[in-house]
Each structure stands twice: as C-alpha cells, then as structure tokens.
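To start, the structure itself, in structure tokens.
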Amino acid sequence: MAVLACPFLLMGADSGCVFTPTADTIVTTGTVKIDGRIAEFDSNGKFVAWHDGTVTLNVNGTNLASVATVSQKWTYPSVALKAGVNRIKGTTSRGPGGTIKGTIQEFVLERRTDLNATGEQKVFFDWSDAGIDDILQDIAKLSLNPDPSAADLTAFAADVRDGVKTFVLNAYKGTKVTLAGAAGPGVHVIKFFGNSYTVCGLYGESPGDFKNTNKTQTSNIYLNTFRCAAQPQTPGGTDSRLLTETPARATDSLAQRVKDISTFIGRTAAHEFGHSLGLTAEGDVLVGLHGCEGMHNCSGYESTLPIDRFDDGHYMMDPGPKSKLHARIGQENTTTRKEQMPRFNAYNRSYLLIVVQ
Amino acid sequence: MMTRSIAKLLLILSMSMAAPCSWALDIPENGDAVNYQLGASSDVVVAKFVRRDNNGYSFEVADTLRGEVPKTFVLQEDGYLRGYGLRPGQSYLLYLRKIGQTVTLGTSIHSIQPVATNEVPAYKEAIGSHVANLGRRDALKPVLKKQAESSVQYLQYSAVADLKRLQLLDKNDVAELARLLESRRIVDPRAKVLVIDGIGATNSQDFAPLLESLATNRSEPTPARGAAITALHKLNATESLKKIGPSITNERSPALIRKLLPAEAEKLRQ
C-alpha cells in the first residue's frame, strides 16, 4: 500500500516519494508539512525497498536545508509557500557517502488566500418534468436487444434515477454536499428535463458561480440529448454512438446499462453542479482556477506545468466538446469494457474540499 | 417538429441571457464541428465584430455562407460571450439562428470561430460544400476528406470530427489520415487526437513507429501525445511502449505518465 503512495515511478533509480500533501492541490495556509520516503525501483519500475537517507527539497528554485530520514521517513514540518503557484522538487541521497542519488519529481502546490468555506450545500434532484421515464426507457430499448420487458423497463428508469443520485453524491464525498428533500432557499436544484426539451444539442447548463456565492441555483440536465446518443445514426440501423463509440453492446445486461446510463447522466449532473460551486473559473491564479472554454478544465494549461488537469472527459470538468462518450459512461476506452469512473482532478477536488466545507 | 424543438432550445438559451452571471454549457463531444453546428443553426456568416455597447455585440456581415441575416446585427449577452474575448475589427465565423427579428448564436460560444481574411475562401468552400451535401453521407465523405487537408485548422478538425461522427471512416481512410498526420499536413491539435484515436482502433501495428514518434515529440501538444500512448496500448504495441517508457518517465509529465502506466496511475488514485 505504501508503495502506491509514491507519486511517480522512475525505472532503475531511486525516487523520492511525497506522501503528503497531494500533488497539484490548493492549500490555504502559509506553510505546509511535506513528508515522504525514499524508494528504490528496479529497471522494470518495480518497487524494491524503502531506504534511510537524506532529502533536499527545492521550493521555487531555492534549496531548503537537507533533512535526514527517521525510520525511513523524511519530513519537512513547515515549508513556506508564496501566494500562487509553487513548484517543488528535490533530490535524495543514500548509501556509503550518499552516492546513490534519486529525485523527487517536480510537483505543484497552489497557495490561495481568497478561498473560504461556505458551509453545507444542499442539493435536490428534481425529476418532476413529464416524459422523463419514457426517455430513460427509450434509451434501454434503443441500446439493448432483445427489448427489455415492461416490468424491466419500469425498474430501469427507477434504477437510473437512483444511480444518478448515488453517482453525484459519491462524486462530492468528503465535501458538505447533502441531499435535500425539496427545493428551497439554500438548495441547489438539479432539474432534469424530459418532454419539454426535444433537441439533441445540449447535455446540460448551469450558472458559473466562483466561490459558491449563491447556494440557491439550478442546473439543467436535458435528457433527450442522452437519448440522441442511443439513437441509430442511420434509419433502422444499430449504429448509435453509444454502441459504436463505447464498449456498450446491445447484448449487455440491463444492470450494465443502468450503470452506463446512470454514469452518463450523473457525470453531467455532477459537472453542472460543479459549475455552480465555482468550477472551473476562468482566470489565472488568485483570480480564477485556470479554467478555459467556458469554465472548464484547460487542456493547454497542463503543458506549462507538471500538472494533470484534463483527461478527455474522464475528469468531471473537462469541456463538453472534448469529453469522449466512453469517458462519459465511465469506461476507459472505446472498445473493451474497463471501468474508469469520471472524477474530479486533484486540483478541482481540493477546491471543493475548501469551499464546500 | 424541428422548428418547435429549436424554439425550445432557444427559449432555454434565452433563459440564460437574463442571468447576470456566466453560464457554463455541456455540449456533446465535437459539438463545435461544422456538421453539428449546421444542425444547431439556420444561418452561417463571416462577420466583423464592431463593438460592444449597452445593446449587445454588434456585427457587420462580410460573407453569408448559409441562409440570410441582416447586414448588421446585434447579439445579446448570453452569459458566455463576456468571457469569450471578441476583438473589434476581427472577423468571425458565426453559426446563427433567427427568432423573429432577433439573431442568436446556435450554441453560444461554441458557435464562434475567429477567421483570418485569407481563410474566408476556405470557409466558403467548406461550408458551402457541406450544406450542399447535408444528409447525403456518401457525397459528404469526399468533401470531408478533402477538407481534412485544409490550411484552416478549425476546418481540419471539423472534417475529421465529422467523418468520425457520421461513421464514414474505414481502415483505408484512417491510413490516409495517418499519412496526412505523418507528413504534417494535419496540424490542428484536436484533429491530431481524433486521427490518433482512429489509428488506435485499427488493430494494425504498422502505425506503431508513427505513434512512438508522436508520443515522444515534446513539440506535440500533450493531448496528442497522450492519445498516441493510449493508441499504442490499444494496439498492444508492447515493444513500442517499452521503447518510449524511459523518455516519457524522465520527462515527468503527470498527464503522460498516467497514460503510459494506467494501471499504476489507477492504484495511485485509490
């Protein structure tokens, strides 16, 4: 388990592993404790052993005084950070005369002084629009062969609605997002549209609200657009995008399709809710959250720093046109089933853990 | 039916116009490409942005590529335009809709592309050919394949996205696109990702050297390099992955290492 906490693997060399804090996150304090271990990897990238030795951290280009490990663990109890982006890396040495050298891969911590906890955020799932179950059942019928029975279709719609709620609440685990029984003051409503929205152009939309200044907002989710993804591209065909651009197959079980569609819709619901909590505000450090393309994760920004913010839709706040269908349904690739549930990247998650607390 | 549906979309978008803050839209994948945008709009123009004032964003039409809108028109703030950064004097391709006398964007900022003066003929040709062949998949295919070599990056991207969206790509077409990529005639970052994704679905390791070179080329955009690594995984190109491994890990980009070592990255997330 401890090996897995090592952030990056260097083959055939020592690696200085940082255990805390998590790389590419926001911190609100002026100093942080940084700790980790010295790991040895073989030429195949396999972990060999932990070692005692010495570590030298470099923060924003300045080397800090070296520290020695204690019981194979190194600790910098109080590293001062400047406001904004801090680039941290380091070196390790061990063995006779400290001749075996290793590196601590550069990572980023962003210190913010403008973010505050806003307390509990209640959320209500509004499924009251007409035709919602019809649309959900259509998705099952369009994407499964043979057609499910009437009883199965009824259960499918109920299970998807339940699955969407579970997905969203899981996505916000660790924050103070709680389920509300009705709309009202201080409640964010996720409103699902059925028959009242019949075009294919929009999965959802939400007011962007950096720092969650207004807790009583509404995100709109347009279910017909999800049905469109399950409709054949050619009349009478079996070539829907859901079945050709993802590992979903007409022979899948009903339970599998419940999971696919719950994830598909749940991801958009969590995504829109995220906008209303402030993700991913445009503007650079101390103004926004480095977002672009209409408050989304910026694929270009990660080219400039050792960070990981965009992943083709696998990250919750990736921009719509760049979010692939297989990622939206929680699959790693387009052809073979392998679950990869959408999630917030570490940076966005750290923002939520500060603001929605 | 279509008109009613469009009216509803516009009604929903107009709800956001009244909103004082910025809104964020989640549109389908490649929903900013030509084929999708033509479905979400009725008129397409190249127009010069003149100014922003209390009335909204004023434009002067230079070229009408589809439909007809007044020579000058004003787009109202819709919560997204504010952050788009329209520049006075700059020309833009705009996918538009009319509701009565009001002109709006098809899907807000996703319906805008900046246009250089020398790019106008390419836009005219591409949009005109696409409109003329809408709904005729077989006729669109050669049009889009030609467009994939366009010197205009948005048109390159759109062509590849639309070929994929309309399911017009077979193995030979992917090979042709791969050659365009290799010869650097496809340069748009998003077009590159789409072509590389297509290569990954071919089950042919013939493309492994190209993918290796893309994955390790630091001047390539990170998403394209990541797509190349993913494609090598899809092709089970174990030797290639071994070959590029040291270069990628030494480079220390978390995004690329995640693509190279997905299993390890998954464990790290837990």
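So which residues in the range A:226-247 are at the interface with another protein chain (Cβ under 9 Å from one of its Cβ atoms) and either among the charged types (D, E, K, R) or within 21 Å of A:M295 (Cα to Cα) (or both)?
A:D239, A:R241, A:E245
Search the range A:246-287 for residues being polar (S, T, N, Q), in a helix (DSSP H, G or I) and in contact (Cβ under 8 Å) with a residue 40 or more places away in the chain, and hand back the single one that is nearest to A:D114 (Cα to Cα).
Restricting to residues being polar (S, T, N, Q), in a helix (DSSP H, G or I) and in contact (Cβ under 8 Å) with a residue 40 or more places away in the chain, the top hit is A:S276.
Could you count how many residues in the range A:10-31 are within 12 Å of chain B (Cβ to nearest Cβ) and either part of a strand (DSSP E or B) or modelled with pLDDT of 85 or more (or both)?
Total satisfying the criteria: 7.
Give the residue, chosen from B:L210, B:L235, B:L256, that is of a type outside the set (G, A, S), touching a Gly at 6+ places or on another chain (Cβ under 8 Å), away from chain A (no Cβ under 11 Å) and touching a residue at least 24 places away in the same chain (Cβ under 8 Å).
Just a single option satisfies the conditions, and that option is B:L235.
Give just the number: which of (1) more than 25 Å from B:D26 (Cα to Cα); (2) within 14 Å of chain B (Cβ to nearest Cβ); (3) assigned to a loop (DSSP other than H, G, I, E, B); (4) polar (S, T, N, Q) does A:Q105 not satisfy?
If we test A:Q105 against (1) more than 25 Å from B:D26 (Cα to Cα); (2) within 14 Å of chain B (Cβ to nearest Cβ); (3) assigned to a loop (DSSP other than H, G, I, E, B); (4) polar (S, T, N, Q), just (3) comes out false.
Please specify each residue of the range A:225-245 satisfying the condition of being part of a helix (DSSP H, G or I) and without any contact (Cβ under 8 Å) to a residue 12 or more places away in the chain.
Step one: of the range A:225-245, the residues part of a helix (DSSP H, G or I) are A:225-230, A:241-244.
Residue satisfying the conditions is A:T244 alone.
Which residue pairs have Cβ atoms closer than 7 Å, lie 6 or more positions apart in sequence or on different chains, and pair a first residue in the range B:144-171 that is closer than 15 Å to B:G31 by Cα and away from every other protein chain (no Cβ under 14 Å) with a second residue that is outside any helix (DSSP H, G or I) and at pLDDT 95 or above?
B:Q156/B:A148; B:Q156/B:S150; B:Q156/B:I186; B:Q156/B:D188; B:A159/B:A148; B:A159/B:S150
For the list (1) in a helix (DSSP H, G or I); (2) more than 9 Å from every other protein chain (Cβ to nearest Cβ); (3) more than 22 Å from A:V177 (Cβ to Cβ), I need the number of the one condition that A:R349 fails.
(3)
For every residue, the table says whether it meets (1) within 11 Å of chain B (Cβ to nearest Cβ); (2) buried (at least 22 other Cβ atoms within 10 Å of the Cβ); (3) over 16 Å from A:Y203 (Cα atoms).
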{"residue": "A:D252", "(1), (2), (3)": "no, no, yes"}
{"residue": "A:F264", "(1), (2), (3)": "no, yes, no"}
{"residue": "A:L279", "(1), (2), (3)": "yes, yes, yes"}
{"residue": "A:G294", "(1), (2), (3)": "yes, yes, no"}
{"residue": "A:S303", "(1), (2), (3)": "yes, no, yes"}
{"residue": "A:I307", "(1), (2), (3)": "yes, yes, yes"}
{"residue": "A:D312", "(1), (2), (3)": "yes, no, yes"}
{"residue": "A:Q331", "(1), (2), (3)": "no, yes, yes"}
{"residue": "A:V355", "(1), (2), (3)": "no, yes, yes"}
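For the structure I just gave you, tell me whether B:G100 is loosely packed, with under 14 Cβ neighbours inside 10 Å and either within 14 Å of chain A (Cβ to nearest Cβ) or free of Cβ contacts under 8 Å to residues at least 60 places away in the same chain (or both).
Values: loosely packed, with under 14 Cβ neighbours inside 10 Å: yes; either within 14 Å of chain A (Cβ to nearest Cβ) or free of Cβ contacts under 8 Å to residues at least 60 places away in the same chain (or both): yes.
Yes: the conditions hold for B:G100.
The values are calculated or read from the model by the stated rules, or taken from the named source; none is laboratory data. Quick caveat: nothing in here was measured; it's all calculated off a predicted structure. All Cβ positions, even for glycine, are placed from backbone atoms using ideal geometry, and neighbour counts span all protein chains on display.
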